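K.L.:
A single structure is presented below for examination.
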Amino acid sequence: MNPERPSAIRAVCPFRLVIDEDMDQLIREITMSDAATGSTLFEEGDPGDGVAAILEGSVEVLKHGRILATLGPGSVLGELSVFVPSASRTATARANSPVRMIKWRADDVQGRLARHERLATAIVADMAFVLAERLDRRTQDVVSLLKAAGTRLPVSELERFRSRAVE
């Protein structure tokens, strides 16, 4: 094993809480991949097959051709696939520069929790922080939409406003 690899892996979510004793098992379960500038990592609607952590480079997240976010080193992609086995990708991810990523498969998470409880629990616990941050941002987005729409609009009008804003 490359001596730099464990420190690079442990530097990014969702692997920050993995302890030394579980590092060999983690290395057996992950893959490293590279993507060229402009390449599509996955498309909206593709099956969610795992969570990826960006080590180097940047990735644009697009929905209906609009850039929703640009993610860089330390960012996580595909976290829902770990929690929702039937999840499909909710957006498209495209390499904005050369990208190096670590990927942890989403298949058999329940089985891995049973076999390697401490390792799987560390990964899931680390992702909980990311999910909480993203939920908070979405909640703030909804609050902003409600403020922009006004509080006197009927629910049907708010729904129409939300639909236009999301498009």
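The values are calculated or read from the model by the stated rules, or taken from the named source; none is laboratory data. What you are looking at is a predicted structure, and each value in this text was computed from that prediction instead of being measured. Please note: Cβ atoms are built from the backbone with ideal geometry, for glycine as well, and neighbour counts cover all protein chains shown.
K.L.:
Select from region 38-60 the residues that are more than 25 Å from R5 (Cβ to Cβ), surrounded by 14 or more Cβ atoms within 10 Å (Cβ to Cβ) and at pLDDT 95 or above and list them in ascending order.
P.N.:
Within region 38-60, just E60 meets the criteria.
K.L.:
Go through the residues of region 127-141 one by one and say whether even a single one is modelled with pLDDT under 90 and more than 30 Å from E159 (Cα to Cα).
P.N.:
The answer is yes; a qualifying residue exists.
K.L.:
Shifting gears a bit: Return the only residue of L17, L68, L77 being surrounded by fewer than 18 Cβ atoms within 10 Å (Cβ to Cβ) and hydrophobic (A, V, I, L, M, F, W, C).
P.N.:
Only one candidate passes the filter, namely L68.
K.L.:
For residues that are closer than 30 Å to T37 by Cα and not in a helix (DSSP H, G or I), tally how many sit in region 105-143.
P.N.:
The qualifying residues number 3.
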